[in-house]
Amino acid sequence: MKKEKSFIAVITCLSLSVTVNAQDTLKNKDLREVVVSASRTEKELIEAGRSISIVTAEEIKNSGATSVAELLAMQEGIYVVGAGQNPGTTSSIFTRGANSNQTVILIDGIRITDPSAVNNSIDVSELSLANISRVEIVRGSHSTIYGSSAIGGVVNFITKKAEKEGLSADVSIIAGTFGEGTSEFSENAYLAYALKNGIYVSAEVYNTNVKGLNSTVDTVSNPSVYKHSDRGDDFDKLDWVVKAGYKNKKTDGYVSFKKTNQFTEIDKGAYKDDDNYTLDFKRDLLTYGLSHKLNDKLSFAYTGGFSGMSRTAIDDSSHIDTAGNFDKQYSGNFYKGKIMSNEVQGNYITKGISLVLGGGLYNEEMELNTRFYYYNAWAFPAAYNEIRSSLDSVNPKSSTVNVFMHTDLNGVLLSPKAGWANLSLGARMSSHNVFGTNFTYEINPSFRLAENSLLFLTYATGFNAPSLYQLYDPTVYRDSYTGAPYGITRGNKKLDPETSRTFEIGFRQKWTNLEASVAYYNTVVENMIEYVVLWNKDIGIDTLAQDWSRDDYRGETYINAGTMTTRGLELGLTYSLNEKLIVSGNLSLLSGKLNYDPDKTDTANTGGHHIQFFSNGSFAASETEIRGLSRRPATANLSITYLPVKILRLRMDVRHAGARGDVFYDTTIKPYGALGTVSVNKYTLIDLSANVTIIKGLSAGLKLTNVLDTKYSEINGFTTRGAGIYGNIRYSF
């Protein structure tokens, strides 16, 4: 990767070119709004000494976002790769520069992952805004509260509870286009009924059908080369959810079931279109919870969930010439994953003390079966061959038992006049059936400098467990001539979790018509899990594979190696000029680097061979520093909302992403190639929208996206949406 300038220089340069992000609301956020995700207990925002964003249902509606990826891309400290690409494209979330599998995604406090994925990260495109009451985002390490993966932060989607007595409904339709030959139609219907005694039931259906873009960039200029590109990559998604519960002043219980079905036309990769490659994804999600308040001081809660998912990727035979011939190849990859989570906690609150104690069990398992058919024209007679593989022999699964504690100690314990000071402490002990025990903790003092002013500091440790695939993949590598195994498997059961430590200092302030926040953080992640290629230890690195009469390749595996350091600055601002005009936004600056030290590289599963990192091509034989992190730009957005009359809302959104690096397979990296880095240009997008209230409960809107038809890239080799226009109508009561 190209070296970056110092962090201070990055801040200086970017400050001249970026604007600010927005969470739209026509009134200032109340700093006494309650947040739960920061400490597993209800706490006013002004008292929560962490970097937090709250997005309400009203703000989701006013944002104009049609997907979770779009909504999250507007938020401070978050960049979502895929938010601007063809709908249904795999979307990855990067929070504060952390890897895509280092942000926890929760639904009602239950962690949602894809245990069948290589790194266990969730595809954000599978999530929808259906049945969402609010989104709470806590940036920074939070493993003491939520366990594995909470290095970059936590995003908690809290679903609706029917609190309005009687019948209520919300129905909306969105239709639009975002490029030549494209269309998007989405329908959403929510219905709920609540009895006076606190019993409620609700149901919601969300459906979207997209006629999409050709997702890949066409770089073939030779007219004699046959192109079998499809006209566009389509996407269909259907979510439905039912929920029933009971709520009164002391008891709150619910059970919810959500089913997701989506079908996507995909491609082989960057610049590689495919007209017969599809991805079929399904998830069944059952969540449940019960909390009861015994008295003003003591309460208990039980939450749990089960998730079963399947992913089927089929690459059927494709045309290879104008004569209509096919390549006579078929591949099918069939993935399944299951998650089971159950936790109990007790909350105790008294003057000056808030205490949370809890524990739980988290289980994951996966299945993977692959089939590959090809036509062997060299055989006699010519025939079709089949290759099959699976993980059935190793039965990949894991279980984690944990206990956790979080407490807030207020200064009134020492003096009635010291209520302005608070100290939060947290700890978690996790026991994983493969790598053993992990301990994380946090120290979080905060100081109320004035009624609506808070200064906070945080030191927190975190961890990220290796995925099932990284632990269990049974692929064995053999000598290409003799067939003798090298004794190396791709999966490595000796992997340790990635561990992190984060320091943060932040400040939050509210005036009459102005809110502002600022935070600086520094995160160091050690024991990074790297995919590596192994080469013959008896041959010098400089001469590897130069003699083509020998085979120097010794296999591939996962190991713990390297340190990732990220640091950044986040600014947030909301200003109400008057009752008709509000400007709000945030800015996130980021700098990062990777360091590799031979003395800190795990060699237990390498057979003592030379280690080459696939992510950058460097060898582990010497210390290496790589500045800059792929797909982690500085980000910023600006939102301006104007109400010329009571029934009309006008809004402009500006979203900016700075220049950054992206990865590609570079064959020039010796011996046989690895991932190289290519620069991706910065971009700025402008959206305009209008919403009018026709009668009470009935509204209509118009949104123009990417109005300047900016040509840009989120991932090298894939297209993004051009100028678009969307209309919507919504009725609720």
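The values are calculated or read from the model by the stated rules, or taken from the named source; none is laboratory data. Keep in mind that this is a model prediction, so the values were computed, not measured. Virtual Cβ from ideal backbone geometry, glycine too; neighbours counted across all protein chains shown. We work out accessible area using only protein heavy atoms, side chains counted, and drop any ligands, DNA or RNA first. Shrake-Rupley method; radii C 1.70, N 1.55, O 1.52, S 1.80 Å.
Toward the positive end of the charge dipole of the stretch 339-440, about the Cα centre and with charges on Cβ (Lys, Arg +1; Asp, Glu -1), which of ALA382, GLY436, GLY426 goes farthest? So the residue furthest toward the plus end is GLY426.
Remark: the stretch 98-106, residue by residue, has Karplus-estimated 3J(HN,Hα) of 5, 4, 5, 9, 10, 10, 7, 10, 10 Hz, where x stands for each Gly or Pro and the curve is 6.51 cos²θ - 1.76 cosθ + 1.60 at θ = phi - 60°. Each residue of the stretch 275-290 is assigned a 3J(HN,Hα), and the resulting list reads 8, 10, 10, 10, 10, 10, 10, 9, 9, 10, 10, 10, 10, 7, x, 8 Hz, derived from the Karplus form 6.51 cos²θ - 1.76 cosθ + 1.60 (θ = phi - 60°), x at Gly and Pro. What number, rounded to the nearest 500 deg cm²/dmol, is the helix-based mean residue ellipticity at 222 nm of the chain, given -39500 (n - 2.57) per DSSP H run of at least four residues and division by all its residues? One gets -1000 deg cm²/dmol as the mean residue ellipticity at 222 nm. Excluding same-chain residues fewer than 8 positions from LYS272, which aspartates and glutamates have a Cα within less than 12 Å of its Cα? Within the straight-line cut-off, LYS272 pairs with ASP218, ASP230.
For TYR254, TYR520, the ranking by accessible surface with the largest value first comes to TYR520, TYR254, using a 1.4 Å probe. Judged by the mean number of other Cβ atoms found within 10 Å, the most tightly packed of the peptides 69-78, 337-346, 521-530 leads the ranking 69-78, 521-530, 337-346.
Surface composition of the stretch 398-520: carbon plus sulfur atoms contribute 62% of the solvent-accessible area (1.4 Å probe, protein chains only, all chains present). Of LYS268/LYS494; LYS164/LYS249; LYS164/LYS696; LYS646/LYS696; LYS161/LYS580, which sit over 21 Å apart, Cα to Cα? Over 21 Å Cα-Cα: LYS268/LYS494; LYS161/LYS580. Ordering ASN605, ILE640, TYR146 by the projection of their Cα atoms onto the charge dipole of the chain, which places +1 on the Cβ of Lys and Arg and -1 on the Cβ of Asp and Glu, puts ILE640 at the extreme positive end.
When ligands, DNA and RNA are left out and all protein chains stay put, how many square angstrom of accessible area per residue does the chain have with a 1.4 Å probe? Per residue, the chain has an accessible area of 44 Å². Shape analysis of the stretch 113-205 places it in the oblate category; the axes a ≥ b ≥ c from the Cα gyration tensor give an a/c of at least 1.5, with a/b not above b/c.
For the peptides 353-363, 660-670, the ranking by packing is 353-363, 660-670, with the highest mean count of neighbouring Cβ atoms within 10 Å listed first.
Relative protection proxy for 487-497, 457-467, from highest mean packing down: 457-467, 487-497 (other beta-carbon atoms within 10 angstrom).
Legend: residue pairs LYS196/LYS703; LYS600/LYS682; LYS61/LYS682; LYS211/LYS397, Cα-Cα distance threshold 31 Å; pairs beyond threshold, LYS196/LYS703; LYS600/LYS682; LYS211/LYS397. Simple point charges give the picture: +1 on the Cβ of Lys and Arg, -1 on the Cβ of Asp and Glu, and for the chain a dipole about the Cα centre of about 2320 debye.
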